[in-house]
Amino acid sequence: MNVAKRTFDAVIVGAGGAGLRAALQLSEAGLRTAVLTKVFPTRSHTVAAQGGVAASLGNTTEDNWHWHMYDTVKGSDWLGDQDAIEFMCRKANEVVVELEHYGMPFDRTDNGKIYQRPFGGHSMNYGQAPVMRSCAAADRTGHAMLHALYQRNVRANTQFFVEWMAMDLIRNDDGDVLGVTAMEMETGEVSIFHAKATIFATGGAGRIYYSSTNAFINTGDGVGMAARAGIPLEDMEFWQFHPTGVAGAGVLITEGVRGEGGILRNDAGERFMERYAPNLKDLASRDVVSRSMVTEINEGRGCGPDKDHVLLDITHLSPENIMKRLPGIREISIQFAGIDPIKAPIPVVPTCHYQMGGIPTNYRGQVVVPKDGNPNSPVVGFYAAGECACASVHGANRLGTNSLLDLLVFGKSAGETVVDDFKSGNLMLKPLPETAADVSLARIARLESQKNGESVHEVRLAMQRTMQKHAGVFRFDNLLKEGVQRILEVAERAKSTEIKDKSQVWNTARTEALELDNLIEVAKATMISAEARKESRGAHVRDDAPDTAERPNGRDDQNWLKHTLWYTAGNRLEYKPVNLKPMSADVEPIALAKRTY
Amino acid sequence: MSKRTVQFKIYRYDPDKDQQPYMQDISVELEASDKKLLDALVRLKVVDDTLSFRRSCREGVCGSDAMNINGKNGLACLTDVDSLAQPIALRPLPGLPVIRDLIVDMTQFFKQYHSIKPYLINDEPAPERERLQTPEDREELNGLYECILCACCSTSCPSFWWNPDKFVGPAGLLAAYRFIADTRDQATSARLDNLEDPYRLFRCHTIMNCVDVCPKGLNPTRAIGKIKDLMVRRAI
């Protein structure tokens with residue numbers, strides 16, 4: 001079959017925050033860039049972020065990047081790489097101020113500066129008290145940010161391929177990345193995007209779980225494509241369960257609600273977080289709050305007829321403040337919980353929210369894999385940023401507002417690295433193999449001809465229920481072992497999905513089948529990596545690795561202070577060291593310690 | 001709500017096989033947890049995977065699932081399915097070319113949005129830190145910046161139906177005023193020049209369908225009125 005080829009200096013897959021930020025760097029440097037996105041850019045899931053973006057601007061309370069770095073390393077339960085974390089925290093002010101210059105409508109303090117609010121796990125003076133670090137546009141920060149970034153790209157004349165779904169990564173025999181194949185959704189036609197540099201910014205895969213704050217589009221496309229092309233996935237056992245999803249609906253209620261003074265209560269009306277985190281209370285980090293909530297529910301102190309959720313109470317805040325700072329939350333509560341939070345508390349439950357792991361990168365945005373004894377050898381021509389990537393700044397648990405920061409810092413950094421590599425002549429257009437599009441065409445041909453196959457909906461549901469039951473907030477050895485078997489069975493079923501829709505035009509059944517292939521890679525990586533990690537760390541907490549004197553928080557630093565690398569071929573696991581050394585001599589390594597809030 | 005069956009009449013058209021569009025009668029059994037119209041559409045797609053529509057965030061911020069619901073534009077994810085008279089009539093957004101089923105070609109809509117230069121223009125050298133803006137000046141942007149580009153407004157506007165190539169439409173004009181109203185933007189005069197035309201701005205006849213349908217509760221007509229005021233003021 002004849003496949004159209006398009007040639008660019010760079011191709012970016014994904015047009016959420018990270019993709020758009022990277023695109024700006026490339027467009028403004030004059031590189032011929034194609035941005036592929038399966039939805040119109042402003043529909044990307046960055047749009048749903050609410051509470052803010054972290055930067056130690058110190059507009060209201062004293063702050064500095066050292067404190068931010070400490071909080072992030074501690075939040076990561078020491079699994080984050082300290083060079084990347086230093087890089088991110090030092091860059092935060094620069095990228096947030098840039099965004100303001102692009103036109104982002106941040107809320108303002110009385111003296112006209114960017115408004116900042118407290119957020120979970122962010123503290124002043126190394127854990128002493130909450131700090132106001134989250135730069136916010138009401139509770140619509142992601143929306144304001146995504147639109148500002150898109151608008152800046154309109155100004156920069158960035159070339160978008162809207163409603164094109166990337167299908168497979170193209171590599172040559174040396175393992176260099178040469179671009180991607182992609183399908184135009186309106187026509188069903190597959191093209192090759194041949195480029196000197198390929199940047200993945202495809203977001204997370206929260207849809208592997210049954211109950212998720214994530215959008216339908218969050219199917220881990222880049223992560224799946226990378227895995228199928230032989231790139232290992234890093235630390236995929238670490239998934240963030242956000243404490244406050246609307247019970248039943250899964251829709252996100254920002255931590256900013258607690259930043260503005262909201263309180264979590266059990267069925268007795270007790271502010272139970274005082275027992276679990278005496279210092280930061282409701283603003284402890286997310287893994288801690290989610291576990292505390294599940295413990296309350298498991299011990300019979302949940303709310304409602306089924307005692308299956310807790311309450312998020314802001315009825316003590318002034319209606320004016322709620323209308324000004326949390327208007328979107330009020331809309332969501334009315335729409336999805338049927339209550340007005342000015343008058344009654346919101347029923348909430350921990351809900352899958354964020355993928356800490358992903359495609360391994362360094363802080364320059366280069367994808368790195370083990371090669372010739374170097375655990376972090378860059379893959380020529382391949383870069384990644386945002387939730388699909390693992391730099392790793394979030395380690396075992398991400399702090400709220402560090403995700404929007406991640407996509408700005410590393411979107412920009414990946415873009416800068418590509419521009420540098422391009423200008424120094426390090427990037428070449430390498431010849432395409434004859435077989436460049438074969439894998440993608442075979443996937444489509446299989447879907448065309450599959451008979452007596454499995455329903456995409458049923459397989460996806462089986463995957464989501466398996467993940468929810470076997471790899472949830474608390475993890476158990478027997479459930480994980482059984483989960484590995486179950487997910488491998490589901491993966492087998494996914495090989496014979498069948499769709500009834502055979503149209504070439506906007507065939508969403510086909511899109512969903514292709515997305516399922518990506519979700520399955522992520523689900524396998526998660527379950528297998530989780531089963532293997534025999535300790536508790538951050539969001540990965542096993543009942544057989546409890547908090548003891550020798551092993552604070554159940555962490556086993558002796559054996560498990562290392563990054564997981566999962567390869568899809570043979571479901572092989574490897575490990576690589578955590579970088580405990582900061583980027584510069586300006587800061588001492590943050591020493592391992594017990595995590596308390 | 002418990003399990004119940006809901007009746008639909010849905011606009012169907014697949015250019016690969018249909019000579020012309022038709023209305024399909026179809027019903028689906030909903031689970032107790034299915035509350036929104038989008039939940040019902042997702043349920044319907046399990047029964048018939050050829051039904052095509054856009055959707056993403058399912059919470060009213062991405063703007064993907066705008067459609068014409070019982071004659072009125074809205075977002076499927078923010079519409080309570082039980083509030084709708086049955087059979088629930090679903091059609092693609094009016095006035096734009098239909099690609100397939102409930103999916104329209106939004107090229108013209110975005111062309112108009114892009115035509116107003118939807119980005120901050122300030123050619124002064126950027127300061128080290130943020131540009132300052134008082135909370136009062138920032139409040140001027142409320143009701144403007146929240147637009148999700150779903151196109152419910154522009155595709156409910158008769159003036160946009162008649163002149164989609166010449167009239168900017170409510171969404172684009174709301175965005176135009178969002179930048180005019182921003183104290184950091186320096187291009188007000190050029191922005192007004194860009195709209196000084198019998199069609200681009202002045203085809204708005206304050207029919208106010210846009211206000212009636214906006215799923216975010218925004219008021220494009222008021223923003224358009226403010227632009228018209230500025231036009232008049234600079235003329236005298």
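The values are calculated or read from the model by the stated rules, or taken from the named source; none is laboratory data. Because the structure is predicted, anything quoted here is derived from the model rather than measured. No Cβ is skipped: glycine too gets one built from the backbone with ideal geometry, and neighbour counts run over all protein chains shown.
Among the residues of the stretch B:139-155, those that are buried (at least 16 other Cβ atoms within 10 Å of the Cβ), out of contact with any Pro (no Cβ under 7 Å at 6 or more places or on another chain) and over 25 Å from A:Ala156 (Cβ atoms) comprise B:Glu140, B:Gly143.
The listed residues are A:Gly14, A:Gly112, A:Gly52, A:Gly58, and the only one of them that is in contact with a Phe, Trp or Tyr (Cβ under 8 Å, 6 or more places away or on another chain), within 14 Å of chain B (Cβ to nearest Cβ) and either on the phi > 0 side of the Ramachandran plot or of a type in the set (Gly, Ala, Ser) (or both) turns out to be A:Gly14. Collect the residues in the stretch A:332-368 that are touching a Lys or Arg at 6+ places or on another chain (Cβ under 9 Å), within 14 Å of another protein chain (Cβ to nearest Cβ) and within 24 Å of A:Leu399 (Cβ to Cβ), keeping them in residue-number order. Passing the criteria: only A:His353.
Contact annotation: no residue pair with Cβ atoms under 9 Å, 6 or more positions apart or on different chains, pairs a residue in the stretch A:442-461 that is under 11 Å from A:Val490 (Cα atoms) and more than 14 Å from chain B (Cβ to nearest Cβ) with a partner that is modelled with pLDDT under 95 and assigned to a helix (DSSP H, G or I). For the stretch A:234-254, does any single residue satisfy the condition of being more than 17 Å from the chain's Cα centre (by Cα), part of a loop (DSSP other than H, G, I, E, B), crowded, with 23+ Cβ neighbours inside 10 Å and away from chain B (no Cβ under 14 Å)? No, the conditions are met nowhere in the stretch A:234-254.
Per this entry, B:Arg138 is not counted among residues that are facing another protein chain (nearest Cβ under 10 Å) and touching a residue at least 24 places away in the same chain (Cβ under 8 Å). In the stretch A:564-587, of all residues being aliphatic (A, V, I, L, M) and either in contact with a Cys (Cβ under 9 Å, 6 or more places away or on another chain) or loosely packed, with under 14 Cβ neighbours inside 10 Å (or both), the one that is nearest to A:Gly230 (Cα to Cα) corresponds to A:Ala569. When the test is whether a residue is closer than 30 Å to A:Tyr575 by Cβ and either in contact with a His (Cβ under 9 Å, 6 or more places away or on another chain) or crowded, with 24+ Cβ neighbours inside 10 Å (or both), A:Val154 does not pass it. Here's a check for you: in the stretch B:25-69, which residue that is without any contact (Cβ under 8 Å) to a residue 12 or more places away in the chain and among the polar types (S, T, N, Q) is farthest from A:Asn214 (Cα to Cα)? Residue satisfying both the conditions and the ranking: B:Ser33. Under the condition of being within 25 Å of the chain's Cα centre (by Cα) and facing chain A (nearest Cβ under 9 Å), which residue from the stretch B:23-49 is surrounded by the most Cβ atoms within 10 Å (Cβ to Cβ)? Here the residue is B:Lys36. For the stretch A:99-109, which positions are touching a helix residue (DSSP H, G or I) at 6+ places or on another chain (Cβ under 8 Å) and at the interface with chain B (Cβ under 8 Å from one of its Cβ atoms)? Across the stretch A:99-109, the qualifying residues are A:Tyr102, A:Gly103, A:Pro105, A:Phe106, A:Asp107, A:Arg108, A:Thr109. Picking from residues in the stretch A:282-331 that are in a loop (DSSP other than H, G, I, E, B) and within 14 Å of another protein chain (Cβ to nearest Cβ), the one that is nearest to A:Ala396 (Cα to Cα) is A:Asp308.
Has the stretch B:184-194 got any residue that is touching a Gly at 6+ places or on another chain (Cβ under 6 Å), surrounded by fewer than 21 Cβ atoms within 10 Å (Cβ to Cβ) and at pLDDT 95 or above? No; the residues of the stretch B:184-194 include none that is touching a Gly at 6+ places or on another chain (Cβ under 6 Å), surrounded by fewer than 21 Cβ atoms within 10 Å (Cβ to Cβ) and at pLDDT 95 or above. All conditions but one from (1) more than 18 Å from A:Ile114 (Cβ to Cβ); (2) part of a helix (DSSP H, G or I); (3) more than 7 Å from chain A (Cβ to nearest Cβ) apply to B:Cys150; the one that does not is (2). Taking the criterion of being among the basic types (Lys, Arg), in a helix (DSSP H, G or I) and in contact (Cβ under 8 Å) with a residue 60 or more places away in the chain, the only residue of the stretch A:462-502 that qualifies is A:Arg465. Per this entry, A:Glu86 is not counted among residues that are of a type outside the set (A, V, I, L, M, F, W, C), within 14 Å of another protein chain (Cβ to nearest Cβ) and either farther than 21 Å from A:Val288 by Cα or touching a strand residue (DSSP E or B) at 6+ places or on another chain (Cβ under 7 Å) (or both). Scanning the stretch A:115-125 for residues that are out of contact with any strand residue (DSSP E or B) (no Cβ under 7 Å at 6 or more places or on another chain) and either free of Cβ contacts under 8 Å to residues at least 60 places away in the same chain or within 8 Å of chain B (Cβ to nearest Cβ) (or both) gives a single hit, A:Asn125.
Each row is one residue, and each column tells you yes or no for (1) out of contact with any Gly (no Cβ under 9 Å at 6 or more places or on another chain); (2) of a type outside the set (S, T, N, Q).
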{"site": "A:Leu479", "(1), (2)": "no, yes"}
{"site": "A:Glu482", "(1), (2)": "yes, yes"}
{"site": "A:Lys502", "(1), (2)": "yes, yes"}
{"site": "A:Pro546", "(1), (2)": "no, yes"}
{"site": "A:Asn559", "(1), (2)": "yes, no"}
{"site": "A:Thr564", "(1), (2)": "no, no"}
{"site": "A:Tyr567", "(1), (2)": "no, yes"}
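A:Glu515 meets each of the listed conditions (1) under 20 Å from A:Gln355 (Cβ atoms); (2) assigned to a helix (DSSP H, G or I); (3) touching a strand residue (DSSP E or B) at 6+ places or on another chain (Cβ under 9 Å); (4) more than 14 Å from chain B (Cβ to nearest Cβ) apart from (4). The residues listed here are A:Ile520, A:Ile528, A:Ile590; of these, the one that is crowded, with 17+ Cβ neighbours inside 10 Å, β-branched (Val, Ile, Thr) and part of a loop (DSSP other than H, G, I, E, B) is A:Ile590. Scanning the stretch B:198-236 for residues that are at positive phi and out of contact with any helix residue (DSSP H, G or I) (no Cβ under 8 Å at 6 or more places or on another chain) returns a single hit, B:Gly217.
Rundown of residues vs (1) more than 8 Å from chain A (Cβ to nearest Cβ); (2) over 26 Å from B:Arg54 (Cα atoms); (3) buried (at least 21 other Cβ atoms within 10 Å of the Cβ); (4) touching a Cys at 6+ places or on another chain (Cβ under 6 Å), yes/no style:
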site: B:Ser83; (1), (2), (3), (4): yes, no, no, no
site: B:Pro87; (1), (2), (3), (4): yes, no, no, no
site: B:Leu102; (1), (2), (3), (4): yes, no, yes, no
site: B:His114; (1), (2), (3), (4): no, no, no, no
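Considering the stretch B:52-68, and only residues there that are within 8 Å of chain A (Cβ to nearest Cβ) and hydrophobic (A, V, I, L, M, F, W, C), the residue that is surrounded by the fewest Cβ atoms within 10 Å (Cβ to Cβ) turns out to be B:Phe53.
Taken together, the residues in the stretch B:80-109 that are closer than 18 Å to A:Phe160 by Cβ, in a helix (DSSP H, G or I) and without any contact (Cβ under 8 Å) to a residue 24 or more places away in the chain amount to 1. B:Gln20 - would you say it is out of contact with any Asp or Glu (no Cβ under 8 Å at 6 or more places or on another chain), more than 20 Å from B:Met106 (Cα to Cα) and either at the interface with chain A (Cβ under 8 Å from one of its Cβ atoms) or not in a strand (DSSP E or B) (or both)? Here the answer is yes, as B:Gln20 does meet what is asked.
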